[in-house]
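J.: Would you mind keeping the following structure in view while I ask a few things?
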Amino acid sequence: MSSDLRTAIIENITIADFLRSEGYEVIPRGRKLTVKGHDSLVITPEKNVFTWNSRGFGGSVIDLYMGLHSCDARTAMTELRKQLPEYEKERSKPHQSPPAKPPEPKAKESVPLVLPTEDKSKWRRIYAYLISTRKITPTIVKWLVQEKTIYPDERGNLCYLGRDGKGEINYCARKGTLMPRDGQKGYRNVVEGSDYQKRCVMNHSPSHTKLVVTEAAVDAWSFASMLEIHGLDHKAYTYLSLETTYEGPLGIYLDENPQIKTIYLAQDADEGGLKSRVNCRKLLEERGFTGKVIDKLPNANAPGAKDWNDALILKRAEMEREPVEQAPTHTDEPTVQPSIGLELTP
């Protein structure tokens, strides 16, 4: 085994084995590999490298560990070293001198976040995608526009922005607005320079005590639409889109916002979403969070109701079929009566 720790890790720990140890299901895709539920992650086994297209990064198993656990290279190598074949043998040897410190890898230079250019002529496509296709309520779309959270780029993609505690833009991702062809995934890209550790925080305010956690921005907007439909103030909540199922950004947000008292876990109603909820609760327990943690789970038993956007689409269809007989009762919690394709659990 090479004396260089970085080389030893890359040569002896395959990305596929590492992902399995993290609880992911690795599946073949021709001569490549991918992960169930994350097919934008593409692994090249013969080179032991990966590219995670939806997250905008790639590299070796060390880079993957850093991305999944939001840590630096030294921490990643320290933890991965434990999986090397010789690690246990070295630990068991009596009076063994500590291994020589490996050379510190050069830190990657930070890249400034340069936002895509807005094309005002493409706004019609954005409105059609959000209101007609995704069924986000017009009020929520108008709010997103007024808050400068969304805009179209030159190709008509939907750009959406996240902000830090000072209100500065620190995250930008793009999502295609055209329906993908059969068997293909729609376009999605995280703009280089985005703070991927914190992910996408929307409607942040130091006065907010309620946080909604979703896997995607469109699910956050769908949740806000549900709040509006049932007479609740969507502006009273901060929304954190994990942009995946990884729980790390929740811990970072709480470190910077100790005023949060209630957290709504609104991830998808599938295996990945359920695992994400479990991991979020573990994180909150480890950090000693004393507030309320409430699961908001879309009904996975209804056809197609995997996430909050699916639930919203079904709810809007139900509303079009059945006229509203009375105004919804206002409460302080975002709970609603069960309806087709929707189940909110307290």
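J.: Which residue is farthest from the chain's Cα centre (by Cα), if the candidates are limited to the stretch 202-245 and must be part of a strand (DSSP E or B) and aliphatic (A, V, I, L, M)?
T.: Initial filter on the stretch 202-245 (part of a strand (DSSP E or B)): 202, 210-214, 238-241.
When the remaining residues are screened for being aliphatic (A, V, I, L, M), the result is 202, 211-213, 240.
On the way: M202: 13, L211: 15, V212: 12, V213: 9, L240: 8 Å.
Filtering first and then ranking leaves L211.
J.: Here's a follow-up. Mind listing just one residue for me: the one in the stretch 19-40 that is β-branched (V, I, T) and more than 18 Å from M66 (Cβ to Cβ) and, of those, farthest from the chain's Cα centre (by Cα)? Even if it seems obvious, please write down each step before you answer.
T.: First, pick out the residues of the stretch 19-40 that are β-branched (V, I, T): 26-27, 34-35.
Subset that is more than 18 Å from M66 (Cβ to Cβ): 26-27, 34.
Details: V26: 20, I27: 21, T34: 18 Å.
Among those that are β-branched (V, I, T) and more than 18 Å from M66 (Cβ to Cβ), it is I27.
J.: Go through the stretch 202-231 and give me each residue that's in contact with a helix residue (DSSP H, G or I) (Cβ under 6 Å, 6 or more places away or on another chain), among the hydroxyl-bearing types (S, T, Y) and open to solvent by 30 Å² or more (accessible area, probe 1.4 Å).
T.: Listed by number, the list is empty, since nothing qualifies.
J.: Continuing with the same structure: Restricting to the stretch 17-33, what's the tally of residues that are surrounded by fewer than 19 Cβ atoms within 10 Å (Cβ to Cβ) and farther than 17 Å from K275 by Cβ?
T.: Summing the residues that are surrounded by fewer than 19 Cβ atoms within 10 Å (Cβ to Cβ) and farther than 17 Å from K275 by Cβ in the stretch 17-33 gives 6.
J.: Follow-up. Take E325 and decide whether it is open to solvent by 80 Å² or more (accessible area, probe 1.4 Å), over 21 Å from the mean Cα position of the chain (by Cα) and modelled with pLDDT under 90. Can you show your working first?
T.: Numbers: open to solvent by 80 Å² or more (accessible area, probe 1.4 Å): yes; over 21 Å from the mean Cα position of the chain (by Cα): yes; modelled with pLDDT under 90: yes.
Judged against the criteria, E325 is a match.
J.: Give the number of residues within the stretch 65-79 that are at pLDDT 85 or above, open to solvent by less than 50 Å² (accessible area, probe 1.4 Å), within 19 Å of I252 (Cα to Cα) and not aromatic (F, W, Y).
T.: Residues that pass the stated criteria total 3.
J.: Of I10, I62, which residue is in contact (Cβ under 8 Å) with a residue 12 or more places away in the chain, assigned to a helix (DSSP H, G or I) and open to solvent by less than 20 Å² (accessible area, probe 1.4 Å)?
T.: Only one candidate qualifies: I62.
J.: Looking only at the stretch 43-85, filter to residues that are within 24 Å of the chain's Cα centre (by Cα) and of a type in the set (D, E, K, R); which one of those is nearest to V190 (Cα to Cα)?
T.: R55
J.: Also, quick follow-up: Looking at (1) open to solvent by 20 Å² or more (accessible area, probe 1.4 Å); (2) at pLDDT 95 or above, find the lone condition where C159 falls short.
T.: Checking C159 against (1) open to solvent by 20 Å² or more (accessible area, probe 1.4 Å); (2) at pLDDT 95 or above, the one that fails is (1).
The values are calculated or read from the model by the stated rules, or taken from the named source; none is laboratory data. None of the values given here were measured: they were computed from a predicted structure. Note that each Cβ is placed from the backbone with ideal geometry, even for glycine, and that neighbours are counted across all protein chains shown. All accessible areas refer to the heavy atoms of the entire protein, side chains included, with ligands and DNA or RNA removed. Shrake-Rupley method; radii C 1.70, N 1.55, O 1.52, S 1.80 Å.
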